Amino acid sequence: MLEIFNLLRWILLDLFRSRRSLEGEVIALRHQLNVLRRITPKRPAFKSFDRLIFVLLYRLAPTVLDAVTIVRPETIMRSVQWHRAGFRSFWRWKSRRRPGRPKVPLEVRQLIREISLANPLWGAPRIHGELLKLGIDVGQTSVAKYMARRRRPPSQGWRTFLRNHADGIASIDLFVVPTISFRLLYGLLVLRHDRRCILWLGVTAHPSAEWIAQQVTEACGWESAPHSLIRDRDRVYGEAFTRRVRAMGIRDRPTAPRSPWENGHAERLIGSIRRECLDHVIVFGERHLRHVLRSYARYYNGVRTHLSLGKDSPQPPAVQAVGTILPLPVVQGLYHHYVRI
């Protein structure tokens, strides 16, 4: 403390002294330092306060290194570096990562997302309860954090209905086919959703409710009829059709007005029929169209693979691993079916 007081006293006194007096005193001090270095060549030992004074002087005026004689200037520079390293260590300790909530493992995060996607009506409390039953101890807030985000609230929409009841759903739709004489023929498609199997392809020039009712009876039968039948709101589905469907125990499910995507399976299949068959064939008449569509139905059900069925056909044949591969033309030679003999 006394050293600090003396240092401050000399600093205040030097403010009122002349420049000649200060220069003389500086020269005298330098000569005394040279004498001391000559008499005692031993390396002097600095206290922490001495190092602090040199560091502060260097911060205020870096040219003081030219006036240092009892130590080398590199010594003061190392002291300055130690000072910086100390500050770095202090702020590194201040900004250290403190312990908090443990990180949720990657497997648990993926499981939470899969459960939330598979059960869109479940919230974080329900998923948290299922995880506790599986022996996974995780917080409910963490479950809410890693759940799959949705743009709109989960609801049992039309797509959910189709996915949950695909094994008991069939769809029906009409499509138009022009002939070589520009006559319009109508094709009727009946599709089973569970295996994407074509139940019936009918052809007529004058569709009516009675004719469609008869086609549905021949396609589905009275014993293996589906639970629900999806159709659009065409006026051709009249009273005779609805009575026949109701008598067979089938629930009539008309789509919303101007919503063809609600009958997407049938619409997609009609597009496939056009792209893969009718766009490459010139239809001569009703009998010819019926023959072409039935050959395509056999190809579609027994040979053609589907991505939705795991690259399998609706009526999968047995896998043949032995024999010579032989191509068989199908659909009037448009495609080939490869078998082993």
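Exposure proxy shown here: for PHE175, PHE241, PHE90, the number of other Cβ atoms within 10 Å sets the order, fewest to most, as PHE90, PHE175, PHE241.
Counted by neighbouring Cβ atoms within 10 Å, the residues GLU107, GLU286, GLU218 run from fewest to most as GLU107, GLU218, GLU286. Coupling constants for segment 182-196 follow from the phi torsions by the Karplus curve (6.51 cos²θ - 1.76 cosθ + 1.60, θ = phi - 60°), and in residue order they are 6, 8, 9, 10, 10, x, 10, 10, 10, 10, 8, 7, 5, 10, 6 Hz; glycine and proline get x.
Proximity of backbone amide H atoms, modeled 1.01 Å from N, is registered between ASP312 and HIS306 at under 5 Å, excluding neighbours fewer than 5 places apart on the same chain. Taking amide H as placed 1.01 Å from N in the peptide plane, TYR335 has its amide H under 5 Å from the amide H of VAL330, each at least 5 places away in sequence or on another chain.
Could you line up LYS145, LYS94 from fewest to most neighbouring Cβ atoms inside 10 Å? Intermediate results must be reported in sequence, preceding the final value.
Numbers: LYS145 12, LYS94 7.
Placing the least packed residue first, the sequence is LYS94, LYS145.
Phi angles across segment 270-286 convert, under the Karplus curve 6.51 cos²θ - 1.76 cosθ + 1.60 with θ = phi - 60°, into 3J(HN,Hα) values of 4, x, 5, 4, 5, 5, 9, 9, 5, 6, 10, 10, 8, 7, 8, x, 5 Hz, Gly and Pro given as x. Here the contact order of segment 106-155, divided by its residue count and restricted to Cα pairs under 8 Å and six or more residues apart, works out to 44 percent.
Rule-based calculations on the coordinates, nothing more; no lab input. These numbers were taken from a predicted model, which means no experiment stands behind them. Every residue, glycine as well, gets a Cβ built from its backbone with ideal geometry; the counts of neighbours run over all protein chains shown.
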